[in-house]
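These notes concern the structure reproduced below.
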Amino acid sequence: MAIQGILVLFSLFLLLPSEAVAASVGICYGRVANNLPPIFDVINILKSNNVSNVRIFDADPTTLQAFSGTGIKLMIGVPNEMLDAIAQGTPFFALQWLQTNILSHIFPSQVQYIAVGNEVFLKDPYYAPYVVPAIVNLYQALQHLNLHESIKLSSPQAASILSVSYPPSSGTFNPSLRYTSSMEHVSLDYALFRAEKTVQDGRLMYGNLFEASIDAFLYAIEKEGFGEMEVVVSETGWPKGGGVAASVENALAYNENVVRRAVGNVGTPKRPGEGLEVYLFDLFDENEKSGNECEKHFGIFGPDGTKAYDLRFN
């Protein structure tokens with residue numbers, strides 16, 4: 001989602017209505033960098049900052065083994081390039097994949113979510129037809145293991161799957177999945193929770209982009225007949241550098257307000273008072289990322305464990 005030249009990361013994870021989530025603040029642990037600290041130092045950083053929910057983007061065995069027994073809950077990604085094999089295989093193949101790549105390395109009780117692909121419709125549209133069949137096969141595999149109620153499956157998607165997102169009540173999924181956002185040039189103050197004026201949408205009032213974006217998804221889901229689905233913000237953050245309005249001050253302002261809303265069970269104008277689970281992006285800067293320069297500068301911590309800015313997670 002572009003805001004005056006800045007890339008604000010925002011993706012959502014949709015859950016079945018019976019799978020309500022508790023409000024909490026986690027963090028994404030991206031590893032596209034060559035200067036990251038050893039994994040056990042990473043875990044110490046997380047524990048010392050009371051972070052108990054972490055998203056990792058693949059099922060790396062060394063990483064999973066290091067987290068095993070720590071009590072930290074994980075959202076584990078199935079890479080996009082695996083979706084066709086899992087979708088076109090049998091549930092038994094999906095079962096083997098789960099056991100070999102995840103469950104043989106970490107306690108099932110620590111696996112909170114399995115993210116089936118990542119922003120496929122935006123980044124890898126080739127794999128789009130395989131998302132739902134892969135989820136079905138993985139779900140049947142979890143049923144076989146009697147883990148289908150404790151491990152939740154979904155596919156994180158970016159705001160780009162909405163053809164209309166403003167006002168929130170107009171939120172609509174784009175059938176062609178080619179995104180033209182009517183919120184592309186919203187004000188910086190609106191994005192950073194400091195707008196002096198609210199935006200009225202019917203009977204609801206919006207004072208920031210974060211809540212408006214979530215509700216746009218909720219309205220779009222409702223229009224597809226799934227109005228009771230729960231939502232997890234699987235990735236959101238603000239860069240410290242690499243572009244206009246990218247700064248430590250703005251990153252702190254954005255993430256601090258996101259945390260405050262999550263831990264305070266603020267909810268959104270459409271769902272007030274409902275807990276919202278959020279994963280902040282990113283644990284560290286990722287200096288080997290491609291794309292916009294700001295993609296490399298979302299880290300909340302430095303490699304030595306010091307905070308880039310004074311953000312509290314609770």
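The values are calculated or read from the model by the stated rules, or taken from the named source; none is laboratory data. In this text, all values refer to a predicted model and were calculated from it rather than measured experimentally. Using ideal geometry, Cβ is built from the backbone for each residue, glycine included, and neighbour counts are taken over all protein chains shown. Note: accessible area is taken over every heavy atom of the protein model, side chains too, but ligands, DNA and RNA are not part of it. Shrake-Rupley method; radii C 1.70, N 1.55, O 1.52, S 1.80 Å.
Evaluated against (1) touching a Ser or Thr at 6+ places or on another chain (Cβ under 9 Å); (2) hydroxyl-bearing (Ser, Thr, Tyr); (3) surrounded by fewer than 16 Cβ atoms within 10 Å (Cβ to Cβ), Tyr113 falls short on exactly one condition, (3). Residue check: is Gly273 without any contact (Cβ under 8 Å) to a residue 60 or more places away in the chain and closer than 20 Å to Asn35 by Cβ? Answer is no for this residue. Restricting attention to the range 121-166, the residues that are open to solvent by less than 30 Å² (accessible area, probe 1.4 Å), at pLDDT 90 or above and of a type in the set (Val, Ile, Thr) add up to 2.
Helices (runs of 4 or more DSSP H) fully within the range 179-282 that include at least 1 residues being open to solvent by less than 10 Å² (accessible area, probe 1.4 Å) and within 21 Å of Asn118 (Cβ to Cβ): 209-223, 248-263. Of the residues making up the range 305-313, at least one is among the polar types (S, T, N, Q), more than 19 Å from the chain's Cα centre (by Cα) and part of a loop (DSSP other than H, G, I, E, B).
Within the range 285-302, the set of residues being out of contact with any strand residue (DSSP E or B) (no Cβ under 6 Å at 6 or more places or on another chain) and part of a helix (DSSP H, G or I) comprises Glu293, Glu295, Lys296. Consider Arg31 carefully, then state whether it is within 27 Å of Ser290 (Cβ to Cβ), among the basic types (Lys, Arg) and either touching a Lys or Arg at 6+ places or on another chain (Cβ under 7 Å) or surrounded by 22 or more Cβ atoms within 10 Å (Cβ to Cβ) (or both). Taking the combined requirement at face value, the residue does not satisfy it.
Identify, from the list Phe13, Phe57, the residue that is under 24 Å from Phe67 (Cβ atoms), among the aromatic types (Phe, Trp, Tyr) and modelled with pLDDT of 95 or more. So the residue among Phe13, Phe57 that is under 24 Å from Phe67 (Cβ atoms), among the aromatic types (Phe, Trp, Tyr) and modelled with pLDDT of 95 or more is Phe57. Count of the range 261-295 residues, restricted to those that are of a type outside the set (Ser, Thr, Tyr) and under 17 Å from the mean Cα position of the chain (by Cα), is 16.
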